[in-house]
Amino acid sequence: MKRDLLLDAAEQLLAEQGTTALTLAAVATRAGVSKGGLLYHFPTKDALVKALVQRLIDEFDAAVDERADGSPGGYTRAYVDATFDIVTDRDPHRARRRWAVVAAAATASALADPLREATRRWHRRDDDTDVVTARIVRLAVDGLWEATDYAPLLFDAEECEQLRRRLVRLLEDPGDTSEVAVTAAT
């Protein structure tokens, strides 16, 4: 599909050269289409960035939904697994994709609004498990994603698997949360 080809080209430019390289002409050239062909799908740079953000959200939602099994903690386990699938992808463009899209969206506050809403939704989701532990686990994998955006080969496959297993184990046995509950209530 030409639309996806254009979005892929935009992501590659962002990942390789940063936000200043993202121009409609550069995206059209990278995708091998005319500027008119690009404008048919994305009449403005903002429209292109909005589409990049929405695709990132939709793909992550689909990856989580595909793995969620409806069990207590199932949403957060799916969130962890979907994130680790992305983080351990050794394709250098895919590894920096989130960073590239977020950086492009940061150029105008309204462009990042859908990502802010998705983040709220992802982190406020109740999945019938200890809420604080689920939030800690989701925040931890977000931190891992952020760290690997800047250093894609930070952890090897074995280290990533150890981290994933430990985070999932936290969901299964959050331990004594009485102190956390008291702290959160004050």
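Is it true that some residue in region 150-161 is in contact with a Leu (Cβ under 9 Å, 6 or more places away or on another chain), closer than 23 Å to residue 13 by Cβ and modelled with pLDDT under 85?
Taking region 150-161 as the starting set, the residues that turn out to be in contact with a Leu (Cβ under 9 Å, 6 or more places away or on another chain) are 154-155, 160.
If we keep only those that are closer than 23 Å to residue 13 by Cβ too, we end up with none.
No: region 150-161 contains no residue that is in contact with a Leu (Cβ under 9 Å, 6 or more places away or on another chain), closer than 23 Å to residue 13 by Cβ and modelled with pLDDT under 85.
So in region 95-117, with the set limited to residues that are in a helix (DSSP H, G or I) and among the β-branched types (Val, Ile, Thr), which one is nearest to residue 17 (Cα to Cα)?
The selected residue is 101.
Restricting to region 164-176, name every residue that is open to solvent by 40 Å² or more (accessible area, probe 1.4 Å), touching a helix residue (DSSP H, G or I) at 6+ places or on another chain (Cβ under 7 Å) and in a helix (DSSP H, G or I).
164, 170
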- Give 20, 29 a once-over and let me know the one that is free of Cβ contacts under 8 Å to residues at least 40 places away in the same chain, open to solvent by 70 Å² or more (accessible area, probe 1.4 Å) and within 24 Å of residue 150 (Cβ to Cβ). 20
- Residues being touching a residue at least 12 places away in the same chain (Cβ under 8 Å), more than 12 Å from the chain's Cα centre (by Cα) and closer than 24 Å to residue 75 by Cβ - total across region 104-125: 4
- Query: Which residues, taken from region 1-54, are among the aliphatic types (A, V, I, L, M) and more than 21 Å from residue 115 (Cβ to Cβ)?
  - Reply: 1, 5, 24, 25, 26, 28, 31, 33, 38, 39
- Item | Residue list for region 120-153, filter: surrounded by fewer than 16 Cβ atoms within 10 Å (Cβ to Cβ) and part of a helix (DSSP H, G or I) | 120, 121, 123, 124, 132, 135, 139, 143, 146, 147, 150
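The values are calculated or read from the model by the stated rules, or taken from the named source; none is laboratory data. Since the model is a prediction, treat every value here as computed from it, not as a measurement. Note that we place each Cβ from the backbone using ideal geometry, even for glycine, and neighbour counts take in every protein chain shown. Surface areas here come from the heavy atoms of the whole protein model, side chains and all, with no ligands, DNA or RNA. Shrake-Rupley method; radii C 1.70, N 1.55, O 1.52, S 1.80 Å.
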